[in-house]
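In what follows, a single structure is set out as structure tokens and then discussed.
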Amino acid sequence: LDAARAMAQEDLFAIGMRVLSGALDPVDAGPAFSALAETLASQTLTRVLADFESEYGCVKDGRIAVIAMGKLGSREMTATSDLDLVIIYDYDEQLPESDGRRPLHATAYYTRLTQRFISALTVSTRRGALYEVDMRLRPSGKKGPLAVQLSAFRDYQAREAEIWEHMALTRARPLCGDQTLMDALREDIARTLARPRKRNEVAQAIRDMRALIATEKGDDDIDDVKTLAGGLIDVEFLAQFFALTFGDKNAGEPGETPPAIFRRAVKARRLTAGDAEQLINAYRLYADVTQMQRVTLAAGVKPMDAPPAVRRRIAQGVGAPDDARLALAIRETAAATRALFDRILA
């Protein structure tokens, strides 16, 4: 695992350099960063599971799978993205103890296994930490168990999950683990997203959530294309609105990006081609800016505080001649996107 992590750090650096040099379009870095994280997560789970089984044995019909959420789920990771994960397990409840020399009940077994898996992903190497893992999107958030039994996951999504949690589920993608469990989870997620919903209730919930984010974080910082009014959050929320109100006749793939959802909305005659193009162009601009900022700026440094040469490189990476032209493009795009957001969710 040490060798795998070292190689992953080299690959992470190489992807960033390709973006910085112009060899790779910024928006295309998302799938590359995500594929790297997926490969490392899969290798890590395989090796941690083998080591764990040598100590604690196996649980009868035990299965474990990892669901990627957030940017990893939709293959939009940046150079500094966390890994948003949900861990699901299943077993024969008639035989809940493992068969090793140090037997454990299945609940404790998969909780400890999850802890080892997270530790293996996040441990620092000689070159520093590779990823941070965020588990807050699991059922019940921080109050819920670290690893969730399949039956509990299904019951939670059917009975307790709020609209914002199903919005997050639009990015969910089974990532690695037992293939039969991954297939079952893929079906469960699709079934949950296809549930009939009242469009006006979903729209109201999204408007309320967007207003809350604006109150807590502001929405007028031109350097923050995520929280800016008409920025990336607006685009993502519109995509999630369509994903939750399509119904089962227009099911998409797990972890779709906003452009894919908008194209489906056009085919379903829920969105005009012109509006879809506007939203996709806005998404592309914001994704490009975000990727360029992540590979050029140190953590905590705002674009306005960066040296002029760095600001110019960010702008040129997005296709603008300088940072003033980029700021103008962002303002115009944000104004048009916010108008669409208000009209679609009216």
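The values are calculated or read from the model by the stated rules, or taken from the named source; none is laboratory data. This is a predicted model, so every value here is computed, not measured. No Cβ is skipped: glycine too gets one built from the backbone with ideal geometry, and neighbour counts run over all protein chains shown. What goes into the accessible areas is simple: the full protein's heavy atoms, side chains included, and nothing from ligands, DNA or RNA. Shrake-Rupley method; radii C 1.70, N 1.55, O 1.52, S 1.80 Å.
General observations
- Cα lying deepest toward the dipole's positive end in the chain, options Leu12, Gly218, Leu181, charges on Cβ: Gly218
- Hydrodynamic radius by Kirkwood, which averages 1/r over all alpha carbon pairs of the range 217-333, in angstrom: 15.3
- About the Cα centre, charge dipole magnitude for the chain (Lys/Arg +1, Asp/Glu -1 at Cβ), debye: 480
- Arg47/Ala152 FRET efficiency (R0 22 Å; Cβ-Cβ; nearest 0.05): 0.25
- Within the straight-line cut-off of under 27 Å between alpha carbons, the lysines reachable from Lys302 are Lys71, Lys217, Lys226, sequence neighbours fewer than 8 places apart in one chain being disregarded.
- Net length gained if the chain between Arg101 and Met17 were fully extended (0.36 nm per residue, minus Cα distance): 25.4 nm
- Packing-based ranking of 47-55, 110-118 yields 110-118, 47-55, ordered from highest to lowest mean Cβ neighbour count within 10 Å.
- Contact order, relative form, for the range 214-343: 30 percent (alpha carbon pairs under 8 Å, 6 or more residues apart, mean separation divided by residue count).
- Here the spin labels are modelled as points 7 Å beyond Cα on the Cα-Cβ line, and at Arg195 and Arg269 they lie 2.9 nm apart.
- Relative contact order (percent, whole number), the chain, Cα cutoff 8 Å, 6+ residue spacing: 18
- The modelled label-to-label distance between Asp221 and Ala346, using points 7 Å beyond Cα along the C-beta direction, is 3.2 nm.
- The phi-based Karplus calculation (6.51 cos²θ - 1.76 cosθ + 1.60; θ = phi - 60°) puts the 3J(HN,Hα) values of the range 48-61 at 5, 5, 4, 5, 5, 5, 5, 9, 10, x, 10, 8, 3, 6 Hz, whole numbers, x for Gly and Pro.
- Heavy-atom accessible area per residue - the range 178-257, 1.4 Å, Å²: 48
- The label-point distance for Lys143 and Asp208, in a model that sets each label 7 Å from Cα toward Cβ, rounds to 1.7 nm.
- Span from the the range 128-158 Cα centroid across to the the range 1-39 one, whole angstrom: 26
- Residue-averaged [θ]222 nm for the chain, counting only DSSP H segments that reach four residues, each worth -39500 (n - 2.57): -19000 deg cm²/dmol
- Relative contact order (percent, whole number), the range 122-166, Cα cutoff 8 Å, 6+ residue spacing: 24
- Correct choice for percent of Cα pairs over 36 Å apart that was computed from the model, options (1) 46; (2) 21; (3) 24: (3)
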